[in-house]
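Written below as C-alpha cells is the structure these notes are about.
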Amino acid sequence: MGNPYVRGKVWGGSSSLNTMVYIRGQAKEYNDWAAQGPEYKIWDWDHCLEVFKAIENNSRKNSDENFRKFHGFDGLLHVQDSQNGIYDVMSGLIDATKNLGIPYNDDFNGERQYGVGIYQFTIKDGKRCSLADSYLKDALKKVELCPDSKNDGFGKVAAVDVRSFAHVLDIIWDEENKKENVAIGVRYFCNGVVREAFIAPKGEVILCGGAINSPQILMLSGIGPKENLESNNIKVRKELPVGKSLLDHPSCCIVAKSTPNAINHWSNGAEVGIFHKANVEGKIPCKDDFFDENPDIQICDPSIKLYNNKHDKFDGIILLIILNVPSSVGHLELKSNNPFDQPKMCSNYFEKSNDLYRMISSLKLCREIFKQPPLSTIYNVKEIGINDEFGKWCTNGDDMSDEDWEKFILNKPSLAFHASGTVKMAPESKEGVVNHRLQVYGTKNLRVVDTSIFPYIPSGNTNAPAAMVAWRASRLIIEDYMVGTS
Ligand SMILES: Cc1cc2nc3c(=O)[nH]c(=O)nc-3n(C[C@H](O)[C@H](O)[C@H](O)COP(=O)(O)OP(=O)(O)OC[C@H]3O[C@@H](n4cnc5c(N)ncnc54)[C@H](O)[C@@H]3O)c2cc1C
C-alpha cells in the first residue's frame, strides 16, 4: 500500500480542512489555458480575474486603489488578513528574508507574486470559510423545502438536494440510446443501499469529486483509457486519456535548530510566504531571481517549535518549500472496478532533473535565510541541520553536496495536496477529456467541475482556482440551459 493522499470527504471537500491560504496563481498559467484555441478565451487571465473578484469578499482594511483593482468585496468567499497579526519569530523570518534582498510583498494576489509577505486566508470573523460555508449553504437557503420533506437525512428540496454519507458509484446512461452516451443520472451507495438519482429534464450530471475521484467515476462509467478499463472488465463507452496527466506541487521540508526556549511560540500554520524563482542548476538564487515576474517556488512556514521531544530538546523553525511550476507529470489509473478501492496514483515527483535542481536551489536559499539576523541573533538559530527523522540530526547542511541534497529530497518528498489535471480541459486532439465548456467529449449531459480540469496547474494553492472554475461553470451551465429552453 502506498502513502494515503489527504483530501476532504465532507461538505465543501478539501476547502473544509485545508490550510486556508488564499492564493490564485499567476496570470501566465491562465493565459496558457486560454492559448489552447479561440474558444478558450473565457479562461484567460482577464476573464479569470473578473471571476476571482466576483467570488471574493475581501475584508482588508484601508485597501488602496491598487489593491481594489485586483480584489472583490461583494462575493461570498470571505478572505481576510491574519486577524491577530503574526508571531514575533515570523516577523523575524520576514526580516531575515528581506536582509537577503528579497522584497516585501503585501499582496501575493496583486500586481506581482514575488517577494516575502503575510498570507491572506479564507476566513470569516475568525472562522474557516469553506466553499460549503460560502456558496453551498447560501444556495440551500435560497431553495424551498418540498412539502413532503422528511427530516431523515433525505429531505427533498426543490433545487438542491444534498445527501451526506453518499458514495457515487458510476454514471447512469440512457441505455435506449444506442448511438450516443447520454448521462441521465448517477448510482450511489448510501445507508447500505444502492440508490439512483436522475437529472431533471434538460439537466446535467456534474461531477465534482476532485482530481482523484472524478476521473475514477468517469472510468468506472466507461470513459477512459481502453486498456485500463478492459483489464478491469469495464465496457468502454468512450476512449479518452482520463488520469493520464496528474499534476501536483511536490514539496520538501528543511529545519533550523535553535536553543530551547529561544522561540517560545507555536505557529498555527502557514502565516508567511516567500515566492522566488529557483536556479535550474541548483545554485543559490541570485538577486534577479528575487524579482523575476514568474516565481516557481513558494516557501511556507507550516509550524515552528517542532522539536521538543524527550531525546533532543531544542526549538526549531521549519520551512516547507513547494515547487509551484513542476515539469514532472504523474498519472492515475483504476486498480479495480470496485468504486470503494482508491485508484492507483503514480506521482512521478522530481522525475525531471530540473525539478530536483530547482528544489535544491531553494533549500540552499532557506539555509541562507536561517543564517540572517534576527533569526541568527535574537532567535539563536545557530545550527542548520538536515533532519533524518523528526528530532534526529544526521548532518550539517554545510557539508552537503548536490548528490546529498538529491538523496535528501527523494527520501522525504512531501506534498502540498494540490492534485489536478486528471480530466484535462484541452482539445480532444491534445489529450483533452473535457472541452472549454467542461463537457466530456463523446458524451451528452455530462460535465466535470473541479481541479481535475486544470490543463496547467496554477502556481499557488488550488482552492481559489477551484472556486473560480466552479463559478465560471455555473454561468456556462445557465447559458446552455437557456439555449436548450429557448
Ligand atoms: C491538507 C490540505 C491542505 C490544503 N491547503 C490549501 C490551502 O491552504 N489553500 C488552498 O488554496 N488550497 C489548499 N489545499 C488544496 C485545495 O483545498 C484543493 O485543491 C481544493 O479544495 C480541491 O477542490 P475540488 O473541488 O477539486 O475537490 P475536493 O475539495 O477534494 O472535493 C471533492 C468532493 O467530492 C466528494 N467525493 C469524492 N468522491 C466521491 C464519490 N465517489 N461520491 C460522492 N462524493 C465524492 C468528496 O467527499 C469531496 O467533498 C489543501 C488541500 C489539502 C488536502
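The values are calculated or read from the model by the stated rules, or taken from the named source; none is laboratory data. This is a predicted model, so every value here is computed, not measured. Every residue, glycine among them, receives a Cβ derived from its backbone with ideal geometry; neighbour counts consider all protein chains shown.
Just one of the numbered conditions (1) assigned to a loop (DSSP other than H, G, I, E, B); (2) among the small types (Gly, Ala, Ser); (3) out of contact with any His (no Cβ under 9 Å at 6 or more places or on another chain) is not true of residue 63: (3). Restricted to the stretch 15-39, and to residues there that are surrounded by fewer than 22 Cβ atoms within 10 Å (Cβ to Cβ) and hydroxyl-bearing (Ser, Thr, Tyr), the residue that is farthest from the ligand (Cβ to nearest atom) is 16. Among the residues of the stretch 230-237, is any touching a Lys or Arg at 6+ places or on another chain (Cβ under 7 Å), in the same structural domain as residue 466 (by TED's automatic domain parsing) and more than 21 Å from residue 451 (Cα to Cα)? Among the residues of the stretch 230-237, at least one is touching a Lys or Arg at 6+ places or on another chain (Cβ under 7 Å), in the same structural domain as residue 466 (by TED's automatic domain parsing) and more than 21 Å from residue 451 (Cα to Cα), which makes the answer yes.
All conditions but one from (1) modelled with pLDDT under 95; (2) more than 11 Å from the ligand (Cβ to nearest atom); (3) in contact with a strand residue (DSSP E or B) (Cβ under 9 Å, 6 or more places away or on another chain); (4) not acidic (Asp, Glu) apply to residue 407; the one that does not is (3). Total residues in the stretch 418-451 satisfying the condition of being closer than 27 Å to residue 356 by Cβ, in contact with an Asp or Glu (Cβ under 8 Å, 6 or more places away or on another chain) and in a loop (DSSP other than H, G, I, E, B): the figure is 3. Filter the stretch 455-486 down to the residues that are aromatic (Phe, Trp, Tyr) and touching a helix residue (DSSP H, G or I) at 6+ places or on another chain (Cβ under 7 Å), then identify the one that is nearest to the ligand (Cβ to nearest atom). Going through the qualifying residues, I end up with 471. Condition test on residue 426, is it surrounded by 21 or more Cβ atoms within 10 Å (Cβ to Cβ), under 23 Å from the mean Cα position of the chain (by Cα) and away from the ligand (no atom under 13 Å from the Cβ)? For residue 426, the condition - surrounded by 21 or more Cβ atoms within 10 Å (Cβ to Cβ), under 23 Å from the mean Cα position of the chain (by Cα) and away from the ligand (no atom under 13 Å from the Cβ) - is met.
For the stretch 164-250, the strands (runs of 3 or more DSSP E) that sit wholly inside it and include 1 or more residues that are of a type in the set (D, E, K, R) and near the ligand (Cβ under 10 Å from one of its atoms) are 166-173.
I'd like to verify a number: residues in the stretch 74-88 that are on the phi < 0 side of the Ramachandran plot and assigned to a loop (DSSP other than H, G, I, E, B), how many?
8
Filtering the stretch 88-118 to residues that are closer than 17 Å to residue 379 by Cα and touching a strand residue (DSSP E or B) at 6+ places or on another chain (Cβ under 7 Å) leaves 89, 90, 93, 94, 97, 98. Restricting attention to the stretch 24-51, the residues that are assigned to a helix (DSSP H, G or I), within 18 Å of residue 470 (Cβ to Cβ) and charged (D, E, K, R) total 2.
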